[in-house]
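Right, one structure below, let's go through it.
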Amino acid sequence: MIVAERKPFEEIKAMVKGYSKVLTLGCGTCVAVCLAGGEKEVGILNAELKMARKLDNNPIELGAVTLERQCDMEFLDELEDTVGEYDALLSMACGAGIQFLAERYPEIPVLPAVNTAFIGVNKDVGWYEERCRGCGDCVLDRTAGICPVTMCAKGLFNGPCGGTNQGSCEINTDQPCAWFMIYERLAKQDRLSNITSIFPPADWRNQTPRTVIQPGYKERQKA
Ligand code: SF4
Ligand code: SF4
């Protein structure tokens, strides 16, 4: 899932300072699962903002809506009759959802209430770890399911850098060396031959915005 965290309250408060009627928008998917921007977090943020603005003698009127997904036009339709009543939209979705909202309502300022962090996994309640950087050319079949782009501090594709120290990364000793882990797991699977051949230079595909059209929909998008 996409993992995000709420921005510091003072930053959000400063962002909405000039607005007196703001609609806070949660998203019911990734940011809700990682406890950053779902319905509950919208309620908490609005309560904090309301209180802070009251104390500043600058009251604010806040609306709250949590859409099933902010990154899907179909769900944005729900806002059609509501957004016009507000001075600004405060989105708690990931960066994609925030941008889609801004694209749909270009006449209204759209403000981000969360920082989108990474694509990751849920290790325990409230604990998330990065696992993928969306490079667009997945090599996990060759690296025993361990991502060298994300897990190696130098993003190396052809074995360790030489700084591996007893299984730890030289950049951060709290972090296991990705290539040590790859070696160990491939050895367990008797697949070490995977890393004796050289990976060609990566064809980085994540430097410009990308598009995916699934095979069954290519004709529809051509029309
Ligand atoms: S190799 Fe690329 S697509 Fe695969 S997990 Fe790593 S960053 Fe993600
Ligand atoms: S020690 Fe291992 S994880 Fe760290 S940069 Fe070198 S190869 Fe990558």
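The values are calculated or read from the model by the stated rules, or taken from the named source; none is laboratory data. Quick caveat, the model's predicted, so the values are computed rather than measured. Quick reminder, even Gly has a Cβ in these numbers, built from the backbone with ideal geometry, and neighbours come from all protein chains shown.
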Those residues of segment 158-189 that are under 18 Å from ALA202 (Cα atoms), part of a loop (DSSP other than H, G, I, E, B) and either within 8 Å of ligand 2 (Cβ to nearest atom) or small (Gly, Ala, Ser) (or both) come to a total of 3
Somewhere in segment 42-49, is a residue surrounded by 15 or more Cβ atoms within 10 Å (Cβ to Cβ) and farther than 19 Å from ALA88 by Cα?
-> no
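Could you please let me know if MET1 is among the aliphatic types (A, V, I, L, M) and under 18 Å from the mean Cα position of the chain (by Cα)? Let's see the steps before the verdict.
Values: among the aliphatic types (A, V, I, L, M): yes; under 18 Å from the mean Cα position of the chain (by Cα): yes.
Taking the combined requirement at face value, the residue satisfies it.
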Within segment 101-115, identify whether any single residue is among the aromatic types (Phe, Trp, Tyr) and touching an Asp or Glu at 6+ places or on another chain (Cβ under 9 Å), and answer yes or no.
-> no
Going through (1) within 27 Å of VAL31 (Cα to Cα); (2) at pLDDT 90 or above one by one, ASN206 fails only at (2)
Among the residues of segment 1-17, the number that are small (Gly, Ala, Ser) and touching a residue at least 40 places away in the same chain (Cβ under 8 Å) is 1
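Could you grab me the full set of residues in segment 147-157 that are more than 10 Å from ligand 2 (Cβ to nearest atom) and closer than 21 Å to ARG191 by Cα?
Within segment 147-157, CYS147, VAL149, PHE157 qualify.
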- Would segment 157-172 turn up any residue that is at pLDDT 95 or above, farther than 30 Å from ALA96 by Cβ and charged (D, E, K, R)? yes
Among the residues of segment 98-150, the number that are crowded, with 19+ Cβ neighbours inside 10 Å, within 16 Å of ligand 1 (Cβ to nearest atom) and either part of a loop (DSSP other than H, G, I, E, B) or of a type in the set (Gly, Ala, Ser) (or both) is 4
In segment 122-146, anything under 19 Å from CYS34 (Cβ atoms), in contact with a Lys or Arg (Cβ under 9 Å, 6 or more places away or on another chain) and in contact (Cβ under 8 Å) with a residue 12 or more places away in the chain is listed as GLY134
If we scan segment 29-38, do we find a residue that is over 23 Å from the mean Cα position of the chain (by Cα) and not in a helix (DSSP H, G or I)?
no
